[in-house]
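Student: Please see the structure below; I have some questions.
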Amino acid sequence: MDFSILTIFPDIFDSFLSHGIIRRAIESGIVSVNTMDIRNFAEGKHRITDDRPYGGGAGMVMKPEPLAKAIAEAKKRIPGSRTILLSPQGRPFKQSVASELSLLEGLIFICGRYEGVDERIYKTIDEEISIGDYVLTGGEPAAMIIIDAVTRLLPGALGGEDSAEKDSFTDHLLEHAHYTRPPVFEGESVPDILLSGNHGAIADWRLESSLIRTLLKRPDLLDSKILDSRDKKVLKRWCEYIEQIISA
């Protein structure tokens, strides 16, 4: 997977790319990341990448010429890359979108700034993606989030091949509860089932834990999940339990 990041602040990514899973994925050749300074494609002594909007109004707008040239240069690396503008007006970023993007050969991220980009640049953009209903100073944090989420899904990036498959949201469920040493902490013990060595029983416990967490924390996710008879049985039991607590 090839990531190209178009930004006026490429140094922001130095620390992000130098640690953890992303660093290891780069070193192992699973991903390649190229940060491109949009200012290098601007003309004039001061390499200006923004200007006042026609018609007046507050703020500045990113000029189309430097962006168009930067996008064209990025596409030379991987011609089939998808060009993504990081924008609050875009498609909401979810785990399903990360899975979709992980199947592509390359991604080009345009990190907008100021009031946005000149409308005429949209003809060179494949889509807009938003990481949430709020406004950031620039698209750089959004690019990091998407790169992290997509990289986790690439074969070999996490070490254990099934690690990403068990993450939250992969099956419209939150991940189950986790425990590690010590076996007793502040008077609370690890559930006996996790110490039993019975892998089938442990799998059942984890599924139930996942369903309960989703019911309590993100019930909206269950609207998109196809529930089998076992899922329904677990949820019904816990709904009855909750009702008993409320009515007590």
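Student: Could you tell me how many of the residues in the stretch 225-238 are surrounded by fewer than 11 Cβ atoms within 10 Å (Cβ to Cβ) and either touching a helix residue (DSSP H, G or I) at 6+ places or on another chain (Cβ under 9 Å) or assigned to a helix (DSSP H, G or I) (or both)?
Tutor: So the answer is 2.
Student: Take Gly29 and decide whether it is among the small types (Gly, Ala, Ser) and touching a residue at least 24 places away in the same chain (Cβ under 8 Å).
Tutor: Criteria not met by Gly29.
Student: Further question on the same structure: Could we say that Leu221 is assigned to a helix (DSSP H, G or I), modelled with pLDDT of 95 or more and surrounded by 16 or more Cβ atoms within 10 Å (Cβ to Cβ) here?
Tutor: Considered against the rule, which asks whether it is assigned to a helix (DSSP H, G or I), modelled with pLDDT of 95 or more and surrounded by 16 or more Cβ atoms within 10 Å (Cβ to Cβ), Leu221 comes out as no.
Student: Loosely packed, with under 12 Cβ neighbours inside 10 Å and either in contact (Cβ under 8 Å) with a residue 12 or more places away in the chain or outside any loop (DSSP other than H, G, I, E, B) (or both): is that true of Asp133 in this structure?
Tutor: In short, yes.
The values are calculated or read from the model by the stated rules, or taken from the named source; none is laboratory data. Predicted, not measured: the structure shown is a model, and the values here were computed from it. A quick note on method: Cβ atoms are made from the backbone with ideal geometry, for glycine too, and the neighbour counts reach across all protein chains shown.
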